[in-house]
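The values are calculated or read from the model by the stated rules, or taken from the named source; none is laboratory data. Since we're looking at a predicted model, the values are computed, not measured. Here the Cβ is made from the backbone with ideal geometry for all residues, glycine too, and neighbour counts use every protein chain on show. SASA here: full protein model, heavy atoms, side chains in, ligands and nucleic acids out. Shrake-Rupley method; radii C 1.70, N 1.55, O 1.52, S 1.80 Å.
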Amino acid sequence: MADKFDYDSAMAVAQTQFEKTVDNIWPFAVKALGDKNTEKYKTAKDKSERVYLLDIEGVTKNDHSRLVMLYELNHGRFWRAIPAWKAISDFSWDDKVLYANIILEKAKTAHKIKKESQYPGDSFGHVIIVENYNNGVLRDFISDDLLKEAAGRGFWEVANEYFTNSLVNNLQMIGGARERYLTIMEHHELIDLTHVDELYENPLLGGYWITDKYIKAFERSKSKLSEESAAKLVRPIIEKVFIDAFYVDPDGTAKTDNPAKFIAENLLPYEEYMKTEAVQLMLKERLKIHAKDYHTSGIVTVLHYIEASEAEKAEIVSAALPKIYPHDAKKLIDYKFPGSLLNNGKKEEVENAIMAFLQEQSRSPLGCCAGAMEEVIKPVWFAQRAMKYGLLDREKGSKFIGVKVTNYLNASSHTIKFTIAWENTLDPGYVNHELYSRFSSRIKLETETEQRRSELRKMQRTEIHVGKNKTKT
């Protein structure tokens, strides 16, 4: 059995070697820079920082690489020491092992050290171990146990950094996230997710990172976890199902034409987790996303899986919806948004917005001009649809429509096109019986009058045609 690595003793050696290396190089630096430029540098750290990036005559590549490696191990960032360690060709085997072990030890503990200026490597120490196993640089010094530990903890380094915020749904991910994740998932069979309670920081969000490899890692771990702990891991898998169900390609192609069925089928393996706190919180967040765009199908589908009474669901939806303005009213009507999903306060807000929208659509006076269709017929149509979906109080809506119908009845005449549009639009269920009877009679009169006019015009055209033929004869 190998002796346990003594990190403190190894670092004492590294410090001594650092000072010796600086002492060996400094005379060449003094000669190159001049005495006046070098007098202020007193410590080995100060001197090494002055010559770190310089190509100094008389200093070999090995000596400069050794300086860089030792500086980074003593005062800098461990991952910067790796290329320098690799470049040193006159290492003794013992020194090679010593500094490789220092690098690996620093990588394992980097996340515990809070630095004033946090660099990426400080957060991805275990990922760097796996990366240097994959590329062969440190493979000879990484045991199977260390690789397994690095893969498991490296997953959480990536997940906590990238999979807990809105950028998770960026296909390419960001700033090396994709590369780091692929590095770890090369060893997905080693990933042990049972450390979730220790390493989990914030809810993991569903996104493109959910692959069969992650799902297999979850399946291997779930039997060793409590339901709530397993739910933290399955949450993003379930969320990915909802994302896929409503996903539409840039060219407008939907992933499925039946989102509800797609979700039901793909959730079958995870039914036992649907009522857990982690999943229920995720569903409420998904609902907010759909509510932002008044996406009725998305809201209704997600709401089906939320554990709550009908009254509680109305509260959840109402809280998720943004403030409703008149220009939003048309969207709610177009999307057939069910008024039953609103609490009383939100329903009042929606009704006010719809009434304001209807008034905006009715600015011009009634007439047979080209705009009459838009300013009379369409508002009536919208009002009826709003009442149908429970978005507008029937008394308010019927009153609005009644005014429009009365104006129609009081006008002396209309074009037949306008009359037909009225006939095809008005629903008798949304006006009182007496008013609709008068409306029907007026429609019949207008239609019959137009028919007589049409027959008269036809007769006149026939007479003119016959008259012309007689003249020719």
Inset, instruction - Given a cut-off of 27 Å, name the pairs among 232/292; 222/292; 213/275; 292/399; 4/224; 255/347 whose C-alpha atoms lie farther apart than that in the structure shown. - result: 222/292; 292/399; 4/224; 255/347
Legend entry - residue 226 accessible area, 1.4 Å probe, all protein chains in place, Å² to nearest 10: 60 Å²
Inset, instruction - Show which aspartates and glutamates lie in cross-link reach of residue 330 when reach means a straight Cα distance below 17 angstrom and same-chain residues fewer than eight apart are skipped. - result: 293, 348, 349, 351, 360, 374, 375, 393
Legend entry - Scaled radius of gyration (Cα, divided by 2.2 N^0.38 Å) that the chain gives: 1.66
Inset, instruction - Determine, from the Cβ-Cβ distance of residue 244 and residue 327 and an R0 of 51 Å, the FRET efficiency 1/(1 + (r/R0)^6), rounded to the nearest 0.05. - result: 0.95
Inset, instruction - Evaluate E = 1/(1 + (r/R0)^6) for residue 424 and residue 307, where r is the Cβ-Cβ distance and R0 equals 60 Å; express this FRET efficiency to the nearest 0.05. - result: 0.85
Inset, instruction - Determine the distance separating the Cα centre of region 372-435 from the Cα centre of region 1-71; give it in Å without decimals. - result: 88 Å
Inset, instruction - Using a 1.4 Å probe over the heavy atoms of the protein chains, calculate the carbon and sulfur portion of the accessible area of the chain as a whole percent. - result: 50 percent
Legend entry - Pairwise centroid distance, computed over Cα atoms, of region 285-354 with region 190-267, Å: 26 Å
Inset, instruction - Using the structure shown, list the pairs from 20/45; 40/86; 45/106; 31/86; 112/284 with a Cα-Cα distance above 22 Å, or answer none. - result: 40/86; 31/86; 112/284
Inset, instruction - Would you check the accessible area of residue 66, probe 1.4 Å, heavy atoms only, in square angstrom rounded to 10? - result: 40 Å²
Legend entry - Estimated inter-spin distance, residue 434 and residue 143, nm [label 7 Å along Cα→Cβ]: 9.6 nm
Legend entry - Computed [θ] at 222 nm, helices only, for the chain once each DSSP H run of length n ≥ 4 contributes -39500 (n - 2.57): -20500 deg cm²/dmol
Inset, instruction - Enter the accessible area per residue of the chain (Å², integer; probe 1.4 Å; all protein chains in place). - result: 55 Å²
Inset, instruction - Using label points projected 7 Å from each Cα along Cα→Cβ, tell me how many nm separate residue 32 and residue 219, to one decimal. - result: 5.8 nm
Inset, instruction - Please give the length that would be gained between residue 101 and residue 260 if that part of the chain were fully extended, namely 0.36 nm times their separation in residues minus their C-alpha to C-alpha distance (nm, one decimal). - result: 51.9 nm
Inset, instruction - Report, ordered by chain and residue number, the aspartates and glutamates lying within cross-link reach of residue 444, taken as a straight Cα distance under 14 Å and ignoring same-chain residues fewer than 8 apart. - result: 423
Legend entry - For the chain, size of Cβ-based charge dipole, Lys and Arg +1, Asp and Glu -1, in debye: 2960 debye
Inset, instruction - Given the peptides 193-202, 67-76, arrange them by the average over their residues of other C-beta atoms within 10 Å, most packed first. - result: 67-76, 193-202
Inset, instruction - Note down the accessible area of residue 388, probe 1.4 Å, to the nearest 10 Å². - result: 130 Å²
Legend entry - Order of exposure, largest accessible area first, which applies to 90, 46 with probe 1.4 Å: 90, 46
Legend entry - Charge context of residue 242, other residues only, Cβ under 14 angstrom, K/R +1, D/E -1: +3
Legend entry - Simple label model, 7 Å out from Cα along Cβ direction - residue 15 to residue 407, nm: 8.9 nm
